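The values are calculated or read from the model by the stated rules, or taken from the named source; none is laboratory data. Small disclaimer: the values here were computed from a predicted structure and weren't measured. Glycine gets a Cβ as well: all are built from the backbone with ideal geometry, and neighbour counts include every protein chain shown. Note: areas computed on protein heavy atoms with side chains; ligands, DNA, RNA excluded. Shrake-Rupley method; radii C 1.70, N 1.55, O 1.52, S 1.80 Å.
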Amino acid sequence: MFDMFQLPFMVQAFVAAIITGALLSYLGVHVVGRGIVFVDLALGQISSLGVAFAAFIGTGLTSIPLIFTLAGALLMSFINIHDKRLKQEAIIGILYAFTSALTVLVISKTPHGDSDIQEVLFGNILSVSWGKITTLAIVFGSIALVQVVFFRKFFGLTRSFENGENHLIGIFNIWNFLFYISIGLAIVYAVKINGVIPVFSFLIIPAVSAIMLTKKNTSVFIISLVISVLASFFGLLFSFKKDFPAGSSIVAILGAIFVLASIYKMISFAFTKKTSQT
C-alpha cells in the first residue's frame, strides 16, 4: 500500500495534495454554509482564463492569473442580492459559464489546445516540484493563519448567511472581502497544480460529506480535513496501482466518499424516523 512512496514524484504529489486539501476543505465548510458553491468553480475558471490569456500572449504566467482571480474575488465580494427571486449562486454561475467560454476560446488559439484544456481541468499533480510545493505551503500557511486568527469573524459571517441575514451585511464588508481574497489566492495556486475540477472537489465534497456525518460545527471541520487526507492518499494509490490520471483518481475517491456519506445519512434518517414512531 505504501510502496508508491518509494517514487519521489509520488511523495511530492501526496504532500501537494495534503496541503491543498487541508485548506480547501476548511474553506469549503464556509462556502457550503454560505450557499456559494459555484464560487470555487467561478474563481477557478477565472484563474484558468488568466493562465490561457498569459499563454496566448506569451508572458505573465503567474502574475496574470493572480490579477484575474483577485479581481474576480473582489467583484464577488460586492455581490449582495436583495431581490428574493434571485440567488447569489445564479449570478456566480453566470460568471462561471461566461469565463468558461472565454477560456475555451482563448485556449483554442494556443498551439496545444486540447492538451491545455485537459491540464486546466485536471492539472498535473504528478509533475509538481519541491519548489512549487514550498511556494504552495507558504501561501496556504499564510491564508490558514489569517483564518485561524480571525476565525470568529469569518465563522460569524458564515452564520449570518446560514440564517438568511446576508442582507444585513451591507454592500462592502471587510471580512467578506478578506474571505473572498483568501479563496481567490488559494485557488490561484491550487489550480496551477491540481486543475479546476480537483480543486472544486476538494472545496465542496469533504465539507458536504462532513455535514452529512455530524451536526457539530467543530466536528464538521475535523471530519472534512480527514476526508481530504484519505481521498488524497487513496486517490494517488488508485492512480499508482491502476495507471489512471492522478487528478481524476482523487476526484473519483472523493465522489465515492460522498456516496458512502449519503448512504449513511439515509440509513441514519430512516432509523431515527422509525425510532420516533415506536
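The alpha-carbon positions of the chain define a convex hull whose volume is 146 Å³ per residue.
Using the Cα gyration tensor of region 122-249, with a ≥ b ≥ c the square roots of its eigenvalues, what is the shape: rounded (a/c below 1.5), prolate (a/b larger than b/c) or oblate (neither)? It is prolate, given that a/c is not under 1.5 and a/b is the larger ratio. On the chain, 71 percent of the accessible area sits on carbon and sulfur atoms, based on a 1.4 Å probe. Packing order of peptides 88-96, 127-135, 225-233, 196-204, highest average first: 196-204, 225-233, 88-96, 127-135 (average count of other Cβ atoms within 10 Å over each peptide's residues). Each of A16, I125, A207 was scored by the projection of its Cα onto the charge dipole of the chain, and the greatest displacement toward the positive side belongs to A207; charges sit on the C-beta of Lys, Arg, Asp and Glu. Of S25, S248, S108, the residue with the greatest mean-square motion in the GNM of the chain, using alpha carbon springs below 10 Å, is S108.
Short-range pairs are left out: with C-alpha atoms under 8 Å and at least six residues apart, the relative contact order of the chain is 31 percent. Helical content alone sets the calculated 222 nm signal of the chain at -27500 deg cm²/dmol, taking -39,500 (n - 2.57) per DSSP H segment of four or more residues and averaging over every residue.
For the options A207, A42, A256, a Gaussian network treatment of the chain with springs between C-alpha atoms closer than 10 Å singles out A256 as fluctuating the most.
For the residue pairs K215/K241; K242/K265; K132/K216; K153/K216, the alpha carbons lie more than 25 Å apart in K215/K241; K242/K265; K132/K216.
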